[in-house]
Amino acid sequence: GSYSASQVQALRTFRDQYLLTNAVGTAFVGWYYTYGPIGAQFLDEHPGWKPVVRIALIPVVGAALFLTQTSMLTKVVSVMIISMLIVMMLSRKKHVRSGGIH
């Protein structure tokens, strides 16, 4: 998409705030700058794939927006709620397998 698109800006902000602040993130950014143009060229040559890639990137852009535009409290509470839901689902699954809830 466009360089100034809000989704591109969200990913750029995430890159600057999270990826370029550590070695693993910096390595990923280096990999992306090496191979991203190849992917972009493929998409230019096969425009039918562009909507598929845009849809696949929705969760990535959403996560970038969440991480860059929410408070630390919101992030912590969200992680706690998601963790509790996962624990509840896993314990329910385990309970069902042991003959408990039907």
key: DSSP H segments from the chain that extend 27 Å or more along their own axis, Cα-based, with Kyte-Doolittle mean of 0.5 or above   = 72-97
key: Protein accessible area in the chain, 1.4 Å probe - carbon and sulfur %   = 72 percent
request  = State to the nearest 20 debye the size of the charge dipole of the chain about its Cα centre, where the only charges are +1 on K and R beta carbons and -1 on D and E beta carbons.
outcome  = 580 debye
note = Helix-only [θ] at 222 nm, the chain, -39500 (n - 2.57) per DSSP H run of 4+, per residue, nearest 500, equals -27500 deg cm²/dmol
key: Among VAL77, ALA27, VAL53 the positive-end extreme of the charge dipole of the chain (Cβ point charges)   = VAL77
task = Taking only protein heavy atoms into account and a 1.4 Å probe, give the accessible area per residue of the stretch 1-94 in Å².
result = 78 Å²
task = Work the Kirkwood hydrodynamic radius out for the stretch 10-102: mean of 1/r over every pair of different alpha-carbon atoms, inverted, in Å.
result = 16.6 Å
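The values are calculated or read from the model by the stated rules, or taken from the named source; none is laboratory data. A quick note: this is a predicted structure, and the numbers were derived from the prediction, not measured. Neighbour counts run over all protein chains shown; Cβ positions are idealised from the backbone, glycine included. In case anyone asks, the SASA skips ligands and DNA or RNA and just uses the protein heavy atoms, side chains included. Shrake-Rupley method; radii C 1.70, N 1.55, O 1.52, S 1.80 Å.
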